[in-house]
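Worksheet for the structure shown next.
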Amino acid sequence: MINANKIREDFPILQQKVYGKRLVYLDSAATAQKPQAVLQAMDTFYKTSYANVHRGIYRLGEEATLQYEAVREKVAQFINAKREEIIFTKSATEACNLLAHSLGEQLQEGNEILLTEMEHHSNLVPWQQLA
């Protein structure tokens with residue numbers, strides 16, 4: 001059984017109150033709040049390993065690349081994919097655009113793109129442009 005209060009404890013931002021009530025954040029499509037473990041990992045990375053990935057041939061660059069690729073491997077294992085199938089993007093919007101443009105090269109006359117009326121604007125527009 002999911003314990004919502006236990007999960008809330010992992011998110012420092014959800015400990016604050018807004019207008020006298022505990023914060024409830026419902027805008028995760030735009031910006032996802034980070035649990036403590038992620039904040040700690042980011043803090044450590046920025047303090048000890050922050051450098052360009054896949055670009056530097058110096059110690060910090062190589063270390064950042066190794067960490068980046070290790071995460072790619074973890075994600076691949078978690079979702080049962082090949083590591084080369086994992087592409088990191090900075091946002092869901094960027095991911096939708098990348099997917100639409102990538103698949104767009106394979107679509108042909110007569111193919112259909114199915115969407116729902118509930119699609120977020122960032123998921124609707126790339127497909128409309130492609131069509």
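The values are calculated or read from the model by the stated rules, or taken from the named source; none is laboratory data. Since the structure is predicted, the reported quantities are computational estimates derived from the model, not experimental observations. Cβ atoms come from the backbone with ideal geometry, glycine included; neighbour counts cover every protein chain shown.
Observations, loosely collected:
- Here residue 92 meets each of (1) over 25 Å from residue 123 (Cα atoms); (2) in contact (Cβ under 8 Å) with a residue 40 or more places away in the chain with one exception, condition (1).
- Meets criteria (more than 24 Å from residue 29 (Cα to Cα), over 17 Å from the mean Cα position of the chain (by Cα), at pLDDT below 95 and surrounded by 12 or more Cβ atoms within 10 Å (Cβ to Cβ)) for residue 130: no
- Residue count, segment 39-52 (criterion: surrounded by 15 or more Cβ atoms within 10 Å (Cβ to Cβ) and farther than 23 Å from residue 11 by Cβ): 2
- Test: residue in segment 24-38 that is small (Gly, Ala, Ser), more than 29 Å from residue 120 (Cβ to Cβ) and surrounded by 12 or more Cβ atoms within 10 Å (Cβ to Cβ): no
- Qualifying residue in segment 57-79 (condition: modelled with pLDDT of 90 or more and touching a His at 6+ places or on another chain (Cβ under 7 Å)): yes
- Helices (runs of 4 or more DSSP H) fully within segment 1-120 counting 1 or more residues that are farther than 30 Å from residue 131 by Cβ: 4-9, 36-48, 59-78
- Candidate set: segment 53-70, residues that are surrounded by 14 or more Cβ atoms within 10 Å (Cβ to Cβ) and among the aliphatic types (A, V, I, L, M); chosen: the one farthest from residue 11 (Cα to Cα): 53
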